[in-house]
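Each remark here refers to the structure printed beneath this line.
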Amino acid sequence: MTEVRQSQEKTYAVQYGDRRLPFRWRLLSVDGGKARIHVYPDGLVEVETPQHTTLADAKKALLKRARWVTLHLTDIEARRAEVLEREYVSGETVFYLGRRYRLKIVQSSGERHVKMLRGQVRVTTPDTSKKSIKRSLYAWYRDRANDVFARRIAMVGEQLSWIKETPSWSIRDMKTQWGSCSPSGAILLNPHLIKTPTRCIDYVILHELCHLKEHNHSQAFYRLMALGMPDWERVKADLDQLSELYLSE
């Protein structure tokens, strides 16, 4: 398995016009190939370059794509400005599997549960404080994520020749990623992914399952992605476009 290793923990930067572009630099543990630039939903810019390249090479690669990176960052900043902090009160919009639902808070004398009913996500609880509603809704999301992710991992894995059995996976809150795959093959999925359309969940799962065979972002990795989901780039774009809404708590 080819691994990706981080060359440094620190963040570097290049100047593009009047804008400073911070970035994280990673070295691939393979020689040859092209540099890859990633702009994550939270605005993190990552530059991956082949082994034996230098920081100067990474900066040069980023500057070549600086206009593209800047456009993506501007779009992310605009979406962030539109996202309001949640108050966890009746009438707010919440997401589940890509669909919008109205949040309904129902105060009870002792009963506590969360259910979907007629276009609503209803939180029934004796404690209607923001903290309590947020905790109840988050627990419900995690329960649903455990169930849905298990089924989708099994379904996506059945289509991939290198997956012989269901891999080890778990749920973990992540601020900058929808999922991750460690060199040892442990897969982590962000519970907020349950808010996105099923196609987006499948894309993230496929991404991590492809890392079990190619633990990098090489041409071989992207060939595997295309085999598993020919339109993965469009699905990724859809996910990135609404990531600020899905990741808001």
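For Arg19 and Lys175, the difference between the fully extended length at 0.36 nm per residue and the C-alpha to C-alpha distance is 53.8 nm. Calculated [222 nm] ellipticity per residue, helices only, for the chain: -12000 deg cm²/dmol; basis is -39500 (n - 2.57) per DSSP H run with n ≥ 4, divided by all residues, nearest 500. Rounded to the nearest 20, the size of the Cβ-charge dipole of the chain about its Cα centre is 400 debye, with Lys and Arg at +1 and Asp and Glu at -1. All alpha carbon pair distances within the chain were sorted into 10 Å bins beginning at 0; the resulting P(r) in whole percents reads 7, 27, 32, 22, 10, 3, 0. Full extension of the chain segment joining Glu158 with Ala237 gains 26.0 nm, where the gain is 0.36 nm per residue of separation less the Cα-Cα distance.
In terms of its Cα atoms, the range 53-159 spans 64, 41, 24 Å along the principal axes, sorted from long to short.
Beyond a 24 Å Cα-Cα separation, which of these cross-linked pairs lie in this structure: Lys10/Lys60; Lys134/Lys175; Lys34/Lys195; Lys10/Lys134? Display every interim value, and only then the final one.
Numbers: Lys10/Lys60 18 Å; Lys134/Lys175 17 Å; Lys34/Lys195 34 Å; Lys10/Lys134 34 Å.
Pairs exceeding 24 Å: Lys34/Lys195; Lys10/Lys134.
List the residues of the range 110-129 whose backbone N lies under 13 Å from a point placed 7 Å from the Cα of Asp147 along the Cα-to-Cβ direction. Only 114-117 fall inside the zone, counting backbone N under 13 Å.
Leaving out ligands and nucleic acids, and using a 1.4 Å probe, what accessible area per residue does the chain come to in Å²?
Values: 13410 Å² over 249 residues.
I get 54 Å² per residue for this part.
Result for the chain in a Gaussian network model with C-alpha springs under 10 Å: among His192, His215, His113, the largest mean-square fluctuation is at His113. Using a probe radius of 1.4 angstrom, the carbon and sulfur fraction of the accessible surface of the chain is 49%.
Please compute the net charge surrounding Arg112, taking Lys and Arg as +1 and Asp and Glu as -1 over other residues with Cβ under 13 Å from its Cβ. Spell out each step's value before the answer.
Values: positive: Lys115, Arg122, Arg135; negative: Glu111, Asp127.
Once all neighbours under 13 Å are counted, the net charge is +1.
You can think of it this way: the chain between Thr166 and Val106 has 17.7 nm of extra reach, that is 0.36 nm per residue less the Cα-Cα gap. Looking at the chain, the DSSP beta bridges with both ends there are about 65 percent antiparallel. Bridges between two residues of the range 104-198, per DSSP, are antiparallel at a rate of about 55%. The largest accessible area among Lys164, Lys59 belongs to the first residue in Lys164, Lys59, and the rest follow in falling order (1.4 Å probe, all chains).
The values are calculated or read from the model by the stated rules, or taken from the named source; none is laboratory data. Note that the structure is predicted; figures quoted are calculated from it, not measured. Counting neighbours? That spans all protein chains shown, and the Cβs are built from the backbone with ideal geometry, glycine included. For accessibility, only protein heavy atoms count, side chains too; no ligands or nucleic acids. Shrake-Rupley method; radii C 1.70, N 1.55, O 1.52, S 1.80 Å.
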